[in-house]
Amino acid sequence: MEKVYYAIREDYDSLDNNILNLTFKSYNLNNFDKILIKPNILGPYPPERCVTTHPKFLEWIIKYLQNNFNGEIVVGESSGYSTRKSFRVSGIEDVCIKYGINYISFEKDKYVKTKILDKEIPIPKTVIDSDLIINLPKLKTHVLMKFTGAVKNLYGCIPGGLKPKLHGHFPKEEDFAELLVELYKFITKDKEIITIMDGIWGMEGNGPSNGKQKHSKIVISSTNPVAVDLFASYYIGYKMDEILTNRLLKVDFEVIDADKNEKKSLNEIKPIKFKKPDTVLLNSILPPQIIKIIFNLMTPKPKINKKYCKKCGICEKVCPVNAIVNLKIDRKRCINCYCCHEICPYNAIDLKRFVLF
């Protein structure tokens with residue numbers, strides 16, 4: 001039975017070590033040589049956008065580790081684009097410099113190639129060589145996967161531009177979920193991983209980057225990433241099996257109020273109101289065979305909003321099937337992976353049903 005701890009917190013200044021002491025209690029951290037902290041730094045978004053792990057959240061973790069661990073600590077990430085800029089704009093770089101922590105862009109790291117679902121995928125040496133991974137996902141929705149949490153956050157271990165390209169090979173929710181699961185199994189095999197989710201401010205609606213900020217007021221932790229995802233998805237109003245990675249990796253878990261160190265049943269914890277992505281409606285009301293028939297009409301399609309578009313060209317660069325040319329989206333090529341929507345820093349990609357391109 002996996003333990004999931006949670007603590008209700010109004011803001012980042014109210015973070016204390018109650019939940020960390022419980023989460024880390026079974027570990028002597030000095031038995032490890034190298035700890036990798038993997039935040040969620042999707043792109044160059046400032047903290048107030050609630051897209052990335054908040055720098056104060058990371059600072060809290062680093063201070064705890066430095067008080068209890070004498071070995072090497074590294075912060076590592078690979079953003080959707082411009083990881084170095086993402087470190088800087090998100091505020092993560094400042095925290096790392098303040099505490100003397102090495103921070104690394106995985107696309108600049110050495111790597112080990114491994115076969116996952118018949119695709120050769122480079123895994124950074126920093127990930128391979130770390131004894132313990134501290135996984136710091138952000139509580140957010142996701143237009144393709146419905147929810148992005150602990151398991152999905154490990155997708156950021158894949159270097160640079162390969163991530164959107166893999167969407168081209170695994171375009172459907174089911175296919176991409178299988179990829180996430182196999183990557184998760186590879187990364188966590190024979191390795192300890194602790195997940196602490198930043199849910200003080202999350203993102204609802206069309207996340208993971210262009211939804212709305214949500215004051216969700218929670219921190220969730222466990223030594224099992226799947227247990228975190230199961231509880232977190234419940235907390236924001238999903239049926240836990242709606243999230244395909246949850247269904248494929250499901251574990252038994254119990255929930256503990258970290259402030260009281262007291263076990264709680266799910267019936268005692270009321271889910272919060274959390275707006276789902278526009279893409280959820282279709283999958284929830286129609287059976288698969290009907291979806292296939294009316295897919296092109298009903299599936300939300302990306303559409304460039306000229307009012308907000310800054311003509312930066314990032315959407316063209318990240319599209320895995322080259323469906324965007326001269327800021328026009330080719331409907332026949334588009335595979336609805338929503339990479340363009342996810343990566344656009346200006347919220348200039350709308351999701352529209354019945355779109356005529």
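Take the eigenvalues of the Cα gyration tensor for the range 1-127, scale each by 5, and report the square roots as semi-axes in whole Å, largest first.
Value: 25, 20, 15 Å, ordered largest first.
Put a dot 7 Å past each Cα toward the Cβ at ASP278 and GLU72; how far apart are the dots in nm?
4.6 nm
Using a 4.7 Å Cβ cut-off, which Cys residues in the chain lack a partner cysteine?
Among the cysteines of the chain, those whose Cβ sits 4.7 Å or more from every other are CYS50, CYS96, CYS157, CYS309, CYS312, CYS319, CYS334, CYS337, CYS339, CYS344.
Can you give the relative contact order of the chain as a percent, counting alpha carbon pairs under 8 Å and 6+ residues apart?
Details: 733 pairs, mean separation 70.6, N = 357.
Rounded, it is 20 percent for the chain.
Among ILE256, THR279, SER26, which residue has its Cα positioned farthest towards the positive end of the charge dipole of the chain, with +1 placed on the Cβ of Lys and Arg, -1 on the Cβ of Asp and Glu, and the dipole taken about the Cα centre?
Looking along the dipole axis, the top candidate is THR279.
Just by accessible area at a 1.4 angstrom probe, what is the order of HIS341, HIS215 from largest to smallest? Could the numbers behind the result be given before it?
Working: HIS341 5, HIS215 60 Å².
So the residues, ranked largest to smallest area, are HIS215, HIS341.
Binned at 5 Å from 0, what are the whole-percent values of the Cα-Cα distance distribution for the range 8-81, short to long?
Per 5 Å bin, starting at zero, the Cα-Cα P(r) for the range 8-81 comes out as 3, 13, 22, 23, 18, 13, 7, 1 percent.
Taking +1 at the Cβ of each Lys and Arg and -1 at the Cβ of each Asp and Glu, which of GLY76, LEU42, PHE57 sits farthest along the dipole of the range 36-95 towards its positive end, judged by Cα position relative to the Cα centre?
LEU42
Suppose only helical runs count, i.e. DSSP H with n ≥ 4. What mean residue ellipticity at 222 nm does that imply for the chain under -39500 (n - 2.57) per run, divided by all residues and rounded to the nearest 500 deg cm²/dmol?
-8500 deg cm²/dmol
Which one of VAL226, VAL4, LEU144 has its Cα pushed farthest toward the positive end of the charge dipole of the chain, where Lys and Arg give +1 and Asp and Glu give -1 at the Cβ?
Going by the Cα projections, it comes out as LEU144.
With the calculation restricted to Cα positions, what are the radius of gyration and Dmax of the chain in angstrom?
19.5, 59
Indicate, rounded to the nearest 5 percent, the antiparallel portion of the DSSP beta bridges found entirely in the chain.
On the way: 30 of 54 bridges.
Of those bridges, close to 55 percent are antiparallel.
In whole Å, what is the distance between the alpha-carbon centres of the range 95-119 and the range 191-242?
So the separation of the two Cα centres works out to 23 Å.
Could you sort 259-271, 225-237 so that the peptide with the highest average Cβ count within 10 Å comes first and the rest follow in order?
225-237, 259-271
So what does HIS169 come to for accessible area, using a 1.4 Å probe and Å² rounded to 10?
It works out to around 100 Å².
For LYS56 and CYS312 in one chain, what is 0.36 nm times their gap in residues minus the Cα-Cα distance, to one decimal in nm?
89.2 nm is the gain from fully extending LYS56 to CYS312.
Once the cut-off is 16 Å, how many percent of the Cα-Cα pairs in the range 191-245 end up in the long-distance tail?
48 percent
Evaluate the charge dipole of the range 5-164 about its Cα centre and quote only its size in Debye, nearest 20, assuming +1 on the Cβ of each Lys and Arg and -1 on the Cβ of each Asp and Glu.
Numbers: 22 positive and 17 negative charges, 104 e Å.
Using only the charged Cβ atoms, the result is roughly 500 debye.
Is there a quick way to get the dipole size of the chain? I mean about its Cα centre, with the Cβ of Lys and Arg at +1 and of Asp and Glu at -1; what is the value in debye to the nearest 20?
Details: 55 positive and 41 negative charges, 345 e Å.
Computed about the Cα centre, the dipole is about 1660 debye.
Let me understand the range 177-220 better: what is its radius of gyration from the alpha carbons, and its Dmax, in angstrom?
Every Cα atom of the range 177-220 included, Rg and Dmax give 14.1, 38 Å.
Taking a virtual spin label 7 Å from the Cα of GLN213 along the C-beta vector, which residues in the range 45-72 bring their backbone nitrogen under 12 Å of it?
Of the residues in the range 45-72, 46-52 have backbone N under 12 Å from the label point off GLN213.
The values are calculated or read from the model by the stated rules, or taken from the named source; none is laboratory data. For clarity, every value in this text was computed on a predicted model and none was experimentally measured. Cβ: placed from backbone, ideal geometry, glycine included. Neighbour counts: every protein chain shown. We work out accessible area using only protein heavy atoms, side chains counted, and drop any ligands, DNA or RNA first. Shrake-Rupley method; radii C 1.70, N 1.55, O 1.52, S 1.80 Å.
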